[in-house]
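Accompanying notes for the structure given below.
The values are calculated or read from the model by the stated rules, or taken from the named source; none is laboratory data. This is a predicted model, so every value here is computed, not measured. Counting neighbours? That spans all protein chains shown, and the Cβs are built from the backbone with ideal geometry, glycine included. In case anyone asks, the SASA skips ligands and DNA or RNA and just uses the protein heavy atoms, side chains included. Shrake-Rupley method; radii C 1.70, N 1.55, O 1.52, S 1.80 Å.
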Amino acid sequence: MTISRDKLIFIDFEGLIKEDPAIVGVWSDEKYRLVVLDPRLIGILQSPLAHKIPTSFQSIADFLEHTLQRVRKENKKIVAFSDREKHVFESRDLDVTSHYWNAHKDLKKWFKENDPVNRPRPFALDSILRYFSYPSHTDYGEKQATQRIVHVRNMLETHGQVYSKLTNVAKSKCTKLIHYNQQDVEGLLFALERCGLIPPVFETQSF
């Protein structure tokens, strides 16, 4: 069964384990956008990437509420690679169960049925993208998002959220953080297309 693309909202949170997410990448209506959730990172909105990628600030509470309202009103599904994003909603007592798609389970099922011998190991999104030869795949380093967030956040706080005052190292970490998130969001879309779980952009299939 394939699901119409216009019924899907892909999201991917980045942040520290014991904190609310710091940023979230969102794909819907055929485009990626970045939402800064941590006010200590609001200086990111001044970055050059913010002029290329739609970027905005929203509190975590507002983002979760508005996203849930949208999927309910428009009968959409939130898509993520695991249940982590679902747990963020649940941490605020928001139930998205009926509007949530954990793509990890269906991707794993696809490999079991179609290519169990060459199934990516570990079964992570990055290794799945390698399997499918994702055209723009970049190795951003394993589990580097957290340290990049901490570094950029500390530097922005030190410099009063003025992005231009950051060191080149901090700017580079910020750029890599955003591109890493974008790759995860758009890469998951790509993988689901390759598995036939959602139709390519030029098709018009629905539920």
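In table form, for the structure just shown:
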quantity	calculated
Every pair of residues 6+ apart whose Cβ atoms lie under 9 Å, when the first sits in segment 173-193 and is without any contact (Cβ under 8 Å) to a residue 12 or more places away in the chain while the second is outside any helix (DSSP H, G or I) and open to solvent by less than 10 Å² (accessible area, probe 1.4 Å)	GLU193/PRO199
Hits in segment 14-35 (condition: crowded, with 20+ Cβ neighbours inside 10 Å, among the hydrophobic types (A, V, I, L, M, F, W, C) and under 22 Å from SER172 (Cβ atoms))	ALA22, ILE23, VAL24, LEU34, VAL35
So ILE42, is it out of contact with any strand residue (DSSP E or B) (no Cβ under 9 Å at 6 or more places or on another chain), among the hydrophobic types (A, V, I, L, M, F, W, C) and open to solvent by 60 Å² or more (accessible area, probe 1.4 Å)	no
Those residues of segment 46-58 which are free of Cβ contacts under 8 Å to residues at least 40 places away in the same chain and either among the basic types (Lys, Arg) or surrounded by 14 or more Cβ atoms within 10 Å (Cβ to Cβ) (or both), in sequence order	ALA50, LYS52, THR55, PHE57, GLN58
Selection within segment 83-107 - surrounded by 13 or more Cβ atoms within 10 Å (Cβ to Cβ) and of a type outside the set (D, E, K, R)	VAL88, PHE89, LEU94, VAL96, HIS99, TYR100, TRP101, ASN102, ALA103, HIS104, LEU107
From SER136, SER82, residue being among the hydroxyl-bearing types (Ser, Thr, Tyr) and under 14 Å from the mean Cα position of the chain (by Cα)	SER82
Identity of the residue in segment 68-82, outside any helix (DSSP H, G or I) and touching a strand residue (DSSP E or B) at 6+ places or on another chain (Cβ under 9 Å), that ends up surrounded by the most Cβ atoms within 10 Å (Cβ to Cβ)	VAL79
Segment 71-85 residues that are farther than 12 Å from ILE3 by Cα, paired with ones that are at pLDDT 95 or above and of a type in the set (S, T, N, Q) (beta carbon under 6 Å, 6 or more apart)	ASP83/ASN102
Test result for GLN161, under 23 Å from the mean Cα position of the chain (by Cα) and under 23 Å from PRO48 (Cβ atoms)	no
Filter result for THR55 (closer than 15 Å to VAL185 by Cβ and out of contact with any Pro (no Cβ under 7 Å at 6 or more places or on another chain))	yes
Matching option when the condition is in a helix (DSSP H, G or I), within 14 Å of ILE178 (Cβ to Cβ) and within 18 Å of the chain's Cα centre (by Cα), among LEU107, LEU45	LEU45
